[in-house]
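Since the structure comes first, as structure tokens, the remarks are kept for the end.
The values are calculated or read from the model by the stated rules, or taken from the named source; none is laboratory data. Please read these numbers as outputs of a predicted model, since none were measured by experiment. A quick note on method: Cβ atoms are made from the backbone with ideal geometry, for glycine too, and the neighbour counts reach across all protein chains shown.
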Amino acid sequence: MFHQSTYFVGCVGLMIVGLYTMLTKKNLIKVIIGLSLFETGIYLLLVVVGYIQGATAPIFSRTTGSPAEMVDPTPQALVLTAIVIGVAVLALALSLTIRLHEHYGTLNLRKIRGLKW
Amino acid sequence: MHIAGMIAIGIGVLFLFLGSFGIVRLPDVYNRLQAGTKCTTFGCLFAVLGVGIVEPAWFWKALLVSLFVLLTNPISNHALGRAAKKSGVPLWDGSVVDKSRDFPSYANTEKL
Amino acid sequence: MVAVLLIIVPLGLAFAMPLFNFVSKRIAAYLPIAAMVCNLILSILLLPSVMENTRIVILGGLPPPLGIHLVAGPLGVGLSGLISLVGLAVSIYAWGYIKQGAQDKYHALYLLLLSGATGAVLTGDLFNLFVFYEILCISSYALVAYLGDRNGVESAVKYLIQGSVGSGLILVGIAILYGMFGTLNMAQIAIHIDNVDSPALFLALVLLVTGFGVEAAIFPLNAWLPDAHSSAPSSISAILSGIAIKVGIYAVARVLFTIFGVAVVFQYVLLLGLATLLIGEICAFSQDNIKRMLAYSSVGQVGLIVFAMCIATPDGVGAGLLQLVSHALSKAVLFLGVGYLVARSGSMSLSSLNGIGKRMPVVCFACVVAAFSLVGLPPFVGFAGKFLIVRAALAGKSIFFTVLIGIVFLATVVEGAYFFRMVQTLYFKDAKRQIEYKKVPASASIPIMALVVFIVALGVYPDVLLPYLKSAAADLLNKAGYIKEVLG
Amino acid sequence: MRILISCVLLVILSLGLVFALEQAPFGSNQIDNADKPGRFYLNQGMEKTGAANVVTSVVVTYRGFDTLGEVTILFIAAIGLGAVFHSRKKVKRYEKEKQSASLILQTGCRFLFPLIVLFGTYVFIHGHLSPGGGFQGGVIIASAFLLLFLGCEEKKIPMKSMNTVESLAGIIFVGIGLAGLYWGESFLENFLPRGMDYMLLSGGVIPIIYIAIGFKVGAELAGIVAGLIERNP
């Protein structure tokens, strides 16, 4: 339907929005949201890389299933792994954020300067 | 059959759109919850059922999905609204009636 | 086939940690020691046989281009031996050192960190490398914040954010490579990469090097390192400086040499390494906090290793690897020793350590030996490393390298200056206040002294290591040989 | 100033990415080559493993080592959370204002909890036949526990047995891998018979591994949720 570069523009756009959020926002929670957006863009990119125009999901069933009409399964497996890694990082980041808030009473990164940046 | 399903999906999409429009336009939390739940529950119901009608093999699954939407959406809405009221989010100035004053458990939430 | 146990044993013991806790809480501290002893023995047993020909370990029942596989070559097994040696020393040290917090969780995370490092150096699949690299990174984020104090948490947050952006970039690079070649096998990518000339390839190279460079702390990606290394518990600082950075360097080297093998880029990375060296040493010179000083010194040493590797001759890479071994041993000793010095004096500033050398002779002696080794004085292993680097750089007789070696010497002088200042503080200044010094427990002094013995022994007989370094360098540089060994 | 610099940086990065991606020959024309892993998995995965969902057979057997690493990473997150929160003082601020959930929410949660667990179990048991699998099923089960945390505060989650489940599931995964090494030829090899196509008992070790992963992920994510909630579990 679309030229393939259209998809790339979408993925890269998400990544850039995430990176922009990470670079400019002061609040740590917003930085983590930016990180999450950035990672989402990457997952989309991985899926798009394995996409074939007009092909279906790589799942056989009794009625359908010809290997020629399926998309590449490997990037989907990679995305699964990458998402789980992203979740783990997110959980750890949020727990560290809670601890940081207990120590400083704020999440403003301009005010958290116990160590030299 | 196909056309009936498509019409059902269309109705669902229309209500979902109205619901999201309401979330943007309405003045306070309670009104937005109203738009966000009533319209989306109804819209979701029709959209899912429409899919079930278009694709008859999925009808029973679609029915089950719509049943769960019908069950969970109001509960979550209730929890959100109650939490908002308990933590003292004020009503819109133009609100007409506030029944929660009649219940003792909501009595001292206004001043927060 | 045995090489897979190098990864599985620590992993399985870490998984079983909660079950062992039901039996007794005290078992947790012994598990890392057991796993590392097992790994060390396995690596030493494997090393002679993989020197002759690289073993390919198939995983999941499919031969290399299709499934994931491990490459048990001289470089991988050698590095895993180094990891288990330093890991063993640090785990014995941690047995007496870690007394607060959730100790069983500390030991589980520590085991996972080491298994991640071992997996990263052994694997032959690009995405698998990423996964093990993430295991290493995420467990080190958690370990840096282990004590839960202000500095630890703050530096862990910084480390986490920079590290996860880095790993995101790696993933983009992997996506591009997979899109272009339809495979994740490093050897197969290396075959195809010569036939394609595309800007996307250059982009993938930049993204991968940037991503792995965050862990390797190559300038300008080293902002997290001084904070994280100085705020972590000392045993973790030792393992981060000794092992984690090395895995980053290994990954960068693997990407540069084996996958891409483009000679044009080496010079830029070489200059980056030089910049890292200079900046690290100069920043270390201006520090008063001793752990920060050691952390910046790690930055400088990373620069030196990257510099040596990017000379891209077998001699240069071998010298870089020797320097890598030397830095892993010396920096582990320094951080472990300084951990007790700091714990006894109660402050990290250099001035509080005045005259401590007379009170704690063993630990201070070990620190001095390690410091001299890092500066490059004979007869320690650091001398051999630096000597070989200089020889390799001057082998081509080009003016470019002569100038660069001059800069390296300058950095070494700076390095010598602050390490001698440290030695002067430890021994030749009078203590301002008298503190009751408790004896350092044997669980700390034994691993430290064992590593010191290695530093001295390898310094006196560097010839023992040279054949291994030679074949490891060939493993890294010989792209065609690697492809042939993996794909048959 | 900061915004300007970051904008310039990002514009350069995005232009570079888009241009580079535009020129790269991506997707369909690459996978058609028969010796490429993706094509091989599609053509032969079903016959070799017996799993109708090709993604599952890739995740669990061909790239099973990645999955082991992935499970490990979640495990690290769960332990790391515990380690980071260990030295935390107990938070008293919210205790006195805390109110129990309303009757509607409690009833709803009690009613939905077994259904969600059932659905999660369905998803991870049928991972080799339909979309889904251990991770997805585990996440659904963890969401049931999240509901329990929100709705029925008086119900305590047995964290000790959760830890046991987590640990046992991990050991089973590693043990199956080692069994593959022992009876087959390589770690994580599919050494069981592949069974009847499209039936529940097919795919050799895949369902066993996915059940272990489902339990492990469910327990770990429930532990993470419990750790992140202010109240001490």
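Looking at the range C:102-122, which of its residues are more than 9 Å from chain D (Cβ to nearest Cβ) and within 14 Å of the chain's Cα centre (by Cα)?
C:Leu114, C:Ala117, C:Thr118, C:Ala120, C:Val121
Taking into account only those residues within the range D:25-57 that are aliphatic (A, V, I, L, M) and at pLDDT 80 or above, which is nearest to A:Ala68 (Cα to Cα)?
D:Leu42
Being at pLDDT 90 or above, surrounded by fewer than 23 Cβ atoms within 10 Å (Cβ to Cβ) and within 13 Å of chain D (Cβ to nearest Cβ) is the requirement here; does C:Val165 meet it?
yes
Assess whether A:Gly41 counts as being in contact with a Cys (Cβ under 6 Å, 6 or more places away or on another chain) and either surrounded by fewer than 23 Cβ atoms within 10 Å (Cβ to Cβ) or more than 8 Å from chain D (Cβ to nearest Cβ) (or both).
yes
Out of curiosity, is C:Ile218 among the aliphatic types (A, V, I, L, M), more than 8 Å from chain D (Cβ to nearest Cβ) and not in a helix (DSSP H, G or I)?
yes
Looking at (1) at pLDDT 90 or above; (2) within 13 Å of another protein chain (Cβ to nearest Cβ), find the lone condition where C:Ala238 falls short.
(2)
If only one of A:Ala88, A:Ala77, A:Ala68 is of a type in the set (Gly, Ala, Ser), farther than 30 Å from D:Arg39 by Cβ and outside any loop (DSSP other than H, G, I, E, B), which one is it?
A:Ala88
Please enumerate the residues belonging to the range A:83-102 that are more than 9 Å from chain D (Cβ to nearest Cβ) and surrounded by 22 or more Cβ atoms within 10 Å (Cβ to Cβ).
A:Gly86, A:Ala93, A:Leu100
Residues are listed down the side, and each one gets a yes or a no for (1) under 20 Å from the mean Cα position of the chain (by Cα); (2) more than 27 Å from C:Leu111 (Cα to Cα); (3) of a type in the set (Phe, Trp, Tyr):
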position: C:Cys137; (1), (2), (3): yes, no, no
position: C:Tyr141; (1), (2), (3): yes, no, yes
position: C:Gly163; (1), (2), (3): yes, no, no
position: C:Gly173; (1), (2), (3): no, yes, no
position: C:Ala204; (1), (2), (3): no, yes, no
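Looking at the range D:39-55, I want the residues that are farther than 15 Å from D:Met199 by Cα and more than 7 Å from chain A (Cβ to nearest Cβ) and have a partner that is modelled with pLDDT under 80 and assigned to a helix (DSSP H, G or I) with Cβ atoms under 9 Å, at least 6 apart or on another chain. Which pairs are those?
That search, which allows pairs on different chains as well, returns D:Arg39/A:Pro67; D:Arg39/D:Ile31; D:Gln44/A:Pro67; D:Gly45/A:Pro67.
Has the range C:52-65 got at least one residue that is more than 24 Å from C:Glu485 (Cα to Cα), within 14 Å of another protein chain (Cβ to nearest Cβ), small (Gly, Ala, Ser) and surrounded by 24 or more Cβ atoms within 10 Å (Cβ to Cβ)?
Taking every residue of the range C:52-65 in turn, none turns out to be more than 24 Å from C:Glu485 (Cα to Cα), within 14 Å of another protein chain (Cβ to nearest Cβ), small (Gly, Ala, Ser) and surrounded by 24 or more Cβ atoms within 10 Å (Cβ to Cβ).
Filter the range C:179-190 for residues that are assigned to a helix (DSSP H, G or I), touching a helix residue (DSSP H, G or I) at 6+ places or on another chain (Cβ under 6 Å) and among the aliphatic types (A, V, I, L, M); which is nearest to C:Trp224 (Cα to Cα)?
Looking at residues that are assigned to a helix (DSSP H, G or I), touching a helix residue (DSSP H, G or I) at 6+ places or on another chain (Cβ under 6 Å) and among the aliphatic types (A, V, I, L, M), I get C:Met186.
Residue check: is C:Val342 surrounded by 22 or more Cβ atoms within 10 Å (Cβ to Cβ) and either assigned to a helix (DSSP H, G or I) or in contact (Cβ under 8 Å) with a residue 60 or more places away in the chain (or both)?
It is false that C:Val342 is surrounded by 22 or more Cβ atoms within 10 Å (Cβ to Cβ) and either assigned to a helix (DSSP H, G or I) or in contact (Cβ under 8 Å) with a residue 60 or more places away in the chain (or both).
Which one of C:Ile176, C:Ile170 is assigned to a helix (DSSP H, G or I), touching a residue at least 24 places away in the same chain (Cβ under 8 Å), within 11 Å of chain D (Cβ to nearest Cβ) and touching a helix residue (DSSP H, G or I) at 6+ places or on another chain (Cβ under 6 Å)?
Of the residues listed, the single one that is assigned to a helix (DSSP H, G or I), touching a residue at least 24 places away in the same chain (Cβ under 8 Å), within 11 Å of chain D (Cβ to nearest Cβ) and touching a helix residue (DSSP H, G or I) at 6+ places or on another chain (Cβ under 6 Å) is C:Ile176.
Kindly list the number of the only condition in (1) surrounded by 20 or more Cβ atoms within 10 Å (Cβ to Cβ); (2) at pLDDT below 80; (3) facing chain A (nearest Cβ under 9 Å) that fails for D:Glu22.
Result: D:Glu22 passes all but (1).
Of everything in the range C:472-488, what is of a type outside the set (A, V, I, L, M), assigned to a helix (DSSP H, G or I) and surrounded by fewer than 21 Cβ atoms within 10 Å (Cβ to Cβ)? Give them in sequence order.
Passing the criteria: C:Lys479, C:Gly481, C:Lys484, C:Glu485.
Among the numbered criteria (1) out of contact with any Ser or Thr (no Cβ under 8 Å at 6 or more places or on another chain); (2) crowded, with 20+ Cβ neighbours inside 10 Å; (3) aliphatic (A, V, I, L, M), which single criterion is violated by C:Val265?
In the conditions (1) out of contact with any Ser or Thr (no Cβ under 8 Å at 6 or more places or on another chain); (2) crowded, with 20+ Cβ neighbours inside 10 Å; (3) aliphatic (A, V, I, L, M), C:Val265 misses (2) alone.
If you scan the range C:351-366, which residues turn out to be outside any helix (DSSP H, G or I) and of a type in the set (S, T, N, Q)?
C:Asn354
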